[in-house]
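Nothing in this text is a laboratory measurement; each read-out follows from the coordinates by a stated rule. What you see is a predicted model, and the numbers here were worked out from it, not measured in a lab. Note that we place each Cβ from the backbone using ideal geometry, even for glycine, and neighbour counts take in every protein chain shown.
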């Protein structure tokens, strides 16, 4: 079946794109703060090198996401193809409707790629939450030292105010 060949090629490309995005997300966590050269003072970290690294990482991330968006458009073409099985709204559902021995293996690959994308999403959300809270770290430390009740992180909270320490736990 020609449709199964196109789905297999699509899954190959999607897996490569998802793997590239996953590798880049892991590098972003590690590479955001460049190590300072030996013998340099604090001023060396303010020379703009961090901004260059962050901008380069952002450009790579945008490229990975753009590639992934292209795969979404490709998926739509596969779903609407005239030779695609009529049953199902997703590629996995359509593969279940096909009575070909290869379709089961392709369906399993869909599930594995879906799990990989869920892990990438979880990693991206974790980075966002950490960066969100680290951006306010100075304010939080001053607030804790002053003994001021902790603010609600995302909207109003029904729990009573307590003194600091749970912002990361609540956001997770």
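Put a dot 7 Å past the Cα of residue 73, heading toward its Cβ, do the same for residue 26, and the two dots end up 3.0 nm apart. Measuring r between the beta carbons of residue 112 and residue 62 and using R0 = 22 Å, the FRET efficiency lands at 0.30. Here the extension length gained between residue 96 and residue 122 equals 6.6 nm, from 0.36 nm per residue of separation less the Cα-Cα distance.
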